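Please find one structure pasted underneath; my questions will follow.
What follows draws every value from the coordinates through simple rules; no lab data is involved. Since the structure is predicted, the reported quantities are computational estimates derived from the model, not experimental observations. Note: ideal-geometry Cβ built from the backbone for every residue, glycine included; neighbour counts use all protein chains shown.
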Amino acid sequence: MFAFIVSRVLQAVPVMLAVALISFAMFAYVGDPVAIMLGQDFTEAQRAALVSDLGLDQPFFVQFLRFIGNAAQGEFGLSYRLSRPVAELIGERAPATLELAFCAAIIALVAGVAMGVYTGLYRNSWLSRLLLTVSLIGVSLPPFLVGILLILVFSVWLGWLPSFGRGEVVQLGWWSTGFLTWSGIKALILPSVTLGLFQLTLIMRLVRAEMLEVLRTDYIKFARARGLGNRAVHFGHALRNTLVPVITIAGLQLGGIIAFAIVTETVFQWPGMGLLFIQSVSAADIPVMAAYLVLIALVFVTINLVVDLLYYAVDPRLRIGRAVARGR
Amino acid sequence: MVHWVRAAALVAVLGAMPAVGAMAQTVRWAASGDPNTMDPHSQNVGTVTMVLQQIYDPLIHRDRDLSLTPGLATAWRQVEPSRWRFTLRQGVRFHDGQGFGPEDVVFSITRALQPTSNFGIYVDTIAKVEAVDAQTVDIITKAPDPILPNKLASVFMMSKAWSEANNAARPQNTRAREEMVTTRNTNGTGAYRLATREPDVRTVLVRNPAWWGWQVEGNTGNVAEIVFRPIASDATRIAALLSGEVDFVLDPPLQDLNRLRAAPGVKVVEGPEVRTIFLAFDTAREELLYSDVKGRNPFRDLRVRQALYQAIDIQAIHRTTMRGQSVVTGTLIPEQVNGYAKSEDVRLPFDAARARALLAEAGYPQGFSVTLDCPNNRYINDEQICQNIAAMWSRAGVRTAVKAQPLAPFFAQIQRDDTSVYLLGWGVPTLDALYSFQSLLATRNGAQGDGIWNYGGYSNPRMDALIQRMKVESGEARKATIREALQLYREDLPHIPLHHQMIPWAMRSTVTIPHMANNQPYFRWAMAGAQ
Amino acid sequence: MALARLLDSDLFWSFRRSPVTVLSALVALVCVLGAALAPWIAPHNPFDLASLNLGDAFKPPAWDEIGEASYPLGTDDQGRDMLSAIMYGARISLLVGVCAVLFSTLLGVTIGLVAGYLGGSVDGLLMRIADIQLTFPSILIALLVDGIVRAALPREAHDQIALFVVIFAIGISAWPQFARTVRSSTLVERNKEYVLAARVIGLSPLHIMATHVLPNVLGPVLVIATLNLGNAIITEATLSFLGVGVPPTHPSLGTLIRIGNDFLFSGEWWITIFPGAALVAMVLSVNLLGDWLRDALNPKLR
Amino acid sequence: MAPILDVRDLRVEFPTRRGTLTALDGVSFAIEPGEVLGVVGESGAGKSMTGAAIIGLLEPPGRIAGGQILLNGRRIDNLPHEQMRRIRGREIGAIFQDPLTTLNPLYTVGDQLIETMQTHLDLSGGEARQRAIGWLEMVGIPAAAQRVDSYPHEFSGGMRQRVVIALALCAEPKLVVADEPTTALDVSIQAQIIALLKRLAREKGTAMMLVTHDMGVIAETADRVAVMYAGRIAEIGPVREVVKDPRHPYSTGLMASIPPLDRRVEHLAQIDGAMPRLSAIPPGCAFNPRCPHVFDRCRVERPELLETGATRAACWLYDPASEKQAPEALRHG
């Protein structure tokens, strides 16, 4: 178990280094930070001083090492745009994104798995066919379009739900939450549905496919031949085996949710990291972009690790060595 | 489709009903941009000022017609050509309770003069500030400065004690990696004080009942709380207004005005802005960038500039892209600005045939290609205007590609002189022509303020001389000088003027905020809760 | 003869039996033809700036009272014919989508073959990269690649290769699916006798295997490719919606939707609705076809 | 004694777009308590389908279109799902071909045994566990008390098939349908598994339907044997008779292929041609295109199972009425 975790963590290191290199390259070379910081009026002496201040005259790897050292401590400098420490900015925005992603993931997972199981078990019922058709439309709609349509219907047309922002938030230490107020919860609905919908349809279709695959296996047939009831066969045997690949997929989807949050947050003006990132992109705010990248990579690597561990927990075959290849 | 439009209107009605609409005297205000600092001397941009001017007072206020009225100074006069004397208002207190006095004026102006300040253009002529006595301050200028009061109307007064205690004696340098207390905290003397500041999310201002101005006639505002939220997406911002989630949108998109006008419970207030949109040419380079013309710069040829001018059907842009929300112009400054002359506000006529002829005459019968640089989130429909013009120029033979980008990279690029022709909009906070001429048309010579936005590299000694005279002259002589400069502007065509922006504001009908030509809402005059 | 066999095949039979599939094939065909032949059949050339007339801006569709027959779906804010803009836009969207899928197919099949054939540590490494790659959502990879290229290249150079950048950015994220499918097929074939025989007689076993593996995986690869095409088109649209996709001089459907989004409340609904509907119709028909193809090629599911 | 299983005129159909395929047609046989009936034939002859029909697990869209299946005299082919479920495992056990895929990889073998027993028998958890260990011992798994908590992947193929056998028998059914129980195993292990099956069937008095294409296994295990061809029974009779003296020309060819024990019977070098596809079964006797003794009647009329002495064969050669047409090649007449 321990060795397994260690090996996975070690595999994550090169990924993090690669991402760090990319964001450092951005940080150091994109859009000439010196020019950005100095503005329009400067002397050569001022320029040289700033270059040496920032350590830009040092060899590449020295700069890179220092960047990594700083990044490891969460130190990414000050946002060019907002003149505040990047870590602080991201810390403020992270709860918004994480709460949104959490709700979207719950919607996608719960509804996706339930609908996937249903359509897998009763694949000829009219409801299954309906769900499948609707889900195809779901994957064919770009998320930004869904968001715009939802705003149109539920905010402008029906006036039920807010069209932007987080509503009232409650501060719990450094964490701001929208879960504790009615307006906060209402504000969460449209964005998390928008964000979850695409993943929901994907998860549903994947669960269905896995379910069909598993239902065709010999051990399901054998379980039936042993006289086990439908419930035991479907949920005890089929679903549990379906879960193995679904965990991977769900992990991937969670990553997708955080990435697609960029789009959703833009449409709903949701004050999260994605919106911060897009605003930083348009303002060429390199420190924020670099930090966001590193953070997102960290999130993904963590998700991957958790997925591996879950896998390990669900699939006993993995517990001896790594003889069996993962999933499909 | 028609259904939801009707439904939208219906919702707007519902939204206007008390349950949703009228929270007592709170105005929820949205605009596309968020102020990027709360430091009063750091960023000279409208998005910062629109919030800070509710919190800080300058020595001199502007009235509803933008004329000068007493602010923290009750009176001012030019005691000598280079010395202005200001009489300070008594009994004024900062939000932290400390009293306002001459030392704060000295401190604030000195602070605005710091290199990290972005307000140099307003104070660059000042040599010295002297506290004469407890209620008098003298400002000594390097040379006679007739329009100093106009400039000082844009310089906010800070507390010396508070700033020094918080290590904020110089403006925050937004370009360097520093965060200061003033980035997020304020201590002004103004009508509102800052209650909550969440960048990009929410800025809440609450009424300062102790403000001196509430005693002054005309400041009849009843707004107790201002909640400002930036909403970048046009559609979302309008949806929020229609659904009653916000009360006031500073910058509704032009194409939605008809919808807003038709929506019950929403009103659109229109008026001109003191901002002129124009195209500026690179007239300095020997060889044009981003063009297929090699070895020469067609824009150095007056005939080419004139051809491109006459190729533009400005009325079509006014009608279609601006939906009537623009004042077509042939000059550099709008009517509200001191020095404006009606006789100089004449455009070269739109004449496509003439444009082609001029191009041929200049040696470009087949035209040439060029890239038009353009911001896409700074001015009203900026990118669309550029595309309109690209189509018009292409028809005249000048194959034009539009490079539209957000304002940050756009400004960074043109500030490197990395452009052939670009679109810019110029506002005149001093309401004086010098501000425009000095920034946009003076030869860049390193002197503070001269040609700092002249990225086309226009340089004409005659123009420079006129600008120098504008700085020192006053009265009729100065008026004549400005007029001569405007004339020269029309002859030289360093720019193609397009129009002055109109700035519609949209608000719920329960809210009344007087429309201002500087695009700044003044909440001291705002009424909420009344139909 | 070949046609007769096609018409008699199970595939065609299951195709004909499903009206939804036939309909989606028709829609897809219309989209593809309209896009591919845009320069010849579109009523206007939306890229020809000189042909635009601002006076024609905001014309409603032809069936509206004030619409004009020469602009069947109306015009946009620049006076561009919407139908032509959509056809040219679909052309870009499809071009990017198809090229991106081809690119990832090529990459994935090659890597799958190599991993499956060589096995061992190479296989382990490649599959681990695939795992990691799969963790990163396509949209983020695309944003990243696009951002790097944008930053690394001067602006003129970037404009010229922007299309390729987008294709690369979208394509690079989809290869692991192909690689895994091909790899598992390769693993099965690797130990068969003919591969050993090929080695004995000095033929490149990789080549022999490729000729044996590829026909086997053609079905699944085709299915994955079709389903990915829909995704690629959506990713491109999303990138363009965020303003980082194809250059605005060559507006794709996503760009058109981004522009149209500004007119959502203004009453000029055709500028928003038509490009959006075209995108959804295109992606939906491709997805329906892919769905059908998967079921049809997988008889166990029938 | 009444047969434990009585299959009468069983007909299984698959509706397809090109018309209905008849996968089993007129299959009739019976199994006595404690008896082992071997079912042989080429792939696709309908052996496994017969087993699936009996345990009520035909793959859709396959369905029983005619005939009856009686278990202890009770009709089970038309039972509702839930009642049929109770019969499966409890009254009819099943063993599948590939032990590697038959066990759910995510549950320990003990879990799967306990689950099966608790479904059918009124046992407490502790009792079930004790019995599970007992069953593992009985099928010859060493250190059963420890291995009961192992996962399937921790067993070898042969051991897994032993677990499968334990699972099939643990609710003590009186009939076991074993579908190719040794095909997927190494030759060396096949014999052990067959021996185990034989021993358990005898000890528990369980009747068994042993489906295989391996005549060697049949010869060694079965009491009687049914030869299937193209969804029909070609010949049925005591194993010694059928092996030594097959009556049906197809059986004759099939038996000729016994010697190489490790080879699959599909390689019927002795019979030209291949078994027809279900969609193209010729009229008359399904074997007629390949039959060396074919005569006119075979092409027109379908033969019933006819008494041929020790066995019954579906061949017109044994109908006295067709004697005048039959060629002289008739050897057993």
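Per-residue Cβ counts within 10 Å, from other chains only, averaged over B:385-394: what number is that?
Mean partner-chain Cβ count within 10 Å for B:385-394: 4.
Shifting gears a bit: Taking K and R as +1 and D and E as -1, what net charge do the other residues with C-beta under 13 Å from the C-beta of residue C:113 add up to?
+1
Based only on the alpha carbon positions, what is the Kirkwood hydrodynamic radius of the protein assembly as shown, in angstrom?
37.8 Å
Compute the helix-to-body angle for C:270-297: its Cα long axis versus the longest principal axis of chain C, expressed 0 to 90° and rounded to tens.
Roughly 20 degrees, rounded to the nearest 10.
Test of understanding: in a Gaussian network model of chain D with alpha carbons linked when under 10 Å, which of D:12, D:300, D:40 would top the mean-square fluctuation ranking?
Per the Cα network of chain D with a 10 Å cutoff, D:300 tops the list.
Over the whole of A:256-264, what's the average partner chain Cβ count within 10 Å per residue? Rounded to a whole number, please.
Counting Cβ atoms of other protein chains within 10 Å of each residue's Cβ and averaging gives 4.
Another question, if that's okay. For segment D:159-240, what D do you get in µm² per second when you plug the Kirkwood radius from alpha-carbon pairs into Stokes-Einstein at 10 °C and 1.306 mPa s?
Approximately 119 µm²/s, per Stokes-Einstein.
Something else now. Quick one: order B:237, B:296 by neighbouring beta-carbon count within 10 Å, fewest to most.
By the 10 Å Cβ count, ascending, the order reads B:296, B:237.
So, one more: How big is Rg to Rh over segment D:5-222, alpha-carbon atoms, Rh as the Kirkwood inverse-mean-distance radius?
Value, to two decimals: 0.97.
In Å³ and rounded to a whole number, note down the convex hull volume per residue for the Cα atoms of segment D:97-202.
It is 92 Å³ per residue.
Got a sec? How would B:464, B:34 order by Cβ neighbour count within 10 Å, fewest to most?
B:464, B:34
Could you give the alpha-carbon Rg of segment B:273-502 over 2.2 N^0.38 Å, rounded to two decimals?
Cα Rg divided by the expected 2.2 N^0.38 Å: 0.96.
Using a/c under 1.5 as the rounded threshold, could you call segment B:265-399 rounded, prolate or oblate? The axes a ≥ b ≥ c are square roots of the C-alpha gyration tensor eigenvalues, and prolate needs a/b larger than b/c, oblate otherwise.
prolate
Which ³J(HN,Hα) values in Hz, rounded to whole numbers, follow from the phi angles of segment B:315-326 under the Karplus curve 6.51 cos²θ - 1.76 cosθ + 1.60, where θ = phi - 60° and Gly and Pro get x?
So the J values, rounded to whole Hz, are 5, 5, 5, 4, 6, 8, 6, 8, 6, x, 8, 7.
Further question: Once chain C is represented by equal point scatterers at the alpha-carbon sites, with solvent omitted, what log10 I(q)/I(0) does the Debye formula produce at q = 0.07 Å⁻¹?
Log-scaled intensity ratios, in q order: -0.35.
Setting aside same-chain residues fewer than 8 positions from residue A:186, which aspartates and glutamates have a Cα under 16 Å from its Cα?
Partners found: A:99, A:168, A:265, B:245.
What do you get when you divide the Cα radius of gyration of chain A by 2.2 N^0.38 Å, with N the number of residues?
Normalised Rg, Cα atoms only: 1.20.
List the pair-distance distribution P(r) of chain B, using every Cα-Cα distance, as the percent of pairs falling in each 10 Å bin from 0 up to the bin containing the longest distance, rounded to whole percents.
4, 18, 27, 26, 18, 7, 1, 0
Continuing with the same structure: Beyond 26 Å, what share of the Cα-Cα pairs of segment C:143-295 is found? Please give it as a whole percent.
Tail fraction, whole percent: 48.
Another question, if that's okay. Considering the alpha-carbon set of segment B:340-444 alone, what are its Rg and its Dmax in angstrom?
Over segment B:340-444's Cα set, Rg and Dmax evaluate to 15.9, 44 Å.
Still on this structure: Compute the orientation-averaged projected area for segment C:163-208 from the convex hull of its Cα atoms and round it to one decimal in nm².
Its Cα hull, projected and averaged over all orientations, spans 4.2 nm².
Taking Cα atoms of segment A:75-130, Rg/Rh with Kirkwood Rh, to two decimals?
With Rg and the Kirkwood Rh in hand, the quotient comes to 1.43.
Given 37 °C and 0.692 mPa s, how large is the Stokes-Einstein diffusion coefficient of segment A:86-276 in µm²/s, with Rh as the Kirkwood radius over Cα pairs?
The estimated diffusion coefficient comes to 184 µm²/s.
Right, here's the next one. Too long at a 30 Å Cα-Cα cut-off: which of B:294/C:59; B:128/B:479; B:151/B:342; B:403/B:479?
Flagged as over cut-off: B:294/C:59; B:403/B:479.
Further question on the same structure: Net charge near residue B:305: determine it from the other residues with C-beta under 12 Å of the C-beta of residue B:305, scoring Lys and Arg +1 and Asp and Glu -1.
Taking every Cβ under 12 Å from that of residue B:305, the sum is -1.
For a footprinting-style exposure proxy, rank B:86, A:154, A:102 by other Cβ within 10 Å, fewest first.
Lowest to highest Cβ neighbour count: A:102, A:154, B:86.
List the lysines whose Cα sits under 30 Å from the Cα of residue D:174, skipping any in the same chain fewer than 8 residues away.
Straight-distance partners of residue D:174: A:221, D:47, D:198, D:204, D:244.
Could you grab the relative contact order for chain D? Cα pairs under 8 Å, six or more apart, rounded to a whole percent.
Reported as a whole number, the value is 20 percent.
Determine the sum of side-chain charges near residue A:11: Lys and Arg each +1, Asp and Glu each -1, restricted to other residues whose C-beta is under 11 angstrom from that of residue A:11.
The answer is 0.
Where does chain B land at 222 nm, in deg cm²/dmol rounded to the nearest 500, when only DSSP H runs of n ≥ 4 count, each adding -39500 (n - 2.57), divided by all residues?
Using -39500 (n - 2.57) per qualifying helix, the result is -8000 deg cm²/dmol.
Let me ask you something else. Could you name the aspartates and glutamates in cross-link range of residue B:160, using Cα to Cα under 13 Å and dropping any fewer than eight places away on the same chain?
Straight-line reach from residue B:160, under 13 Å: B:96, B:103, B:104.
Still on this structure, please answer the following. For segment D:14-113, what D do you get in µm² per second when you plug the Kirkwood radius from alpha-carbon pairs into Stokes-Einstein at 25 °C and 0.890 mPa s?
156 µm²/s
Shifting gears a bit: Averaged over peptide C:272-283, how many Cβ atoms belonging to another chain are found within 10 Å of each residue's Cβ?
2
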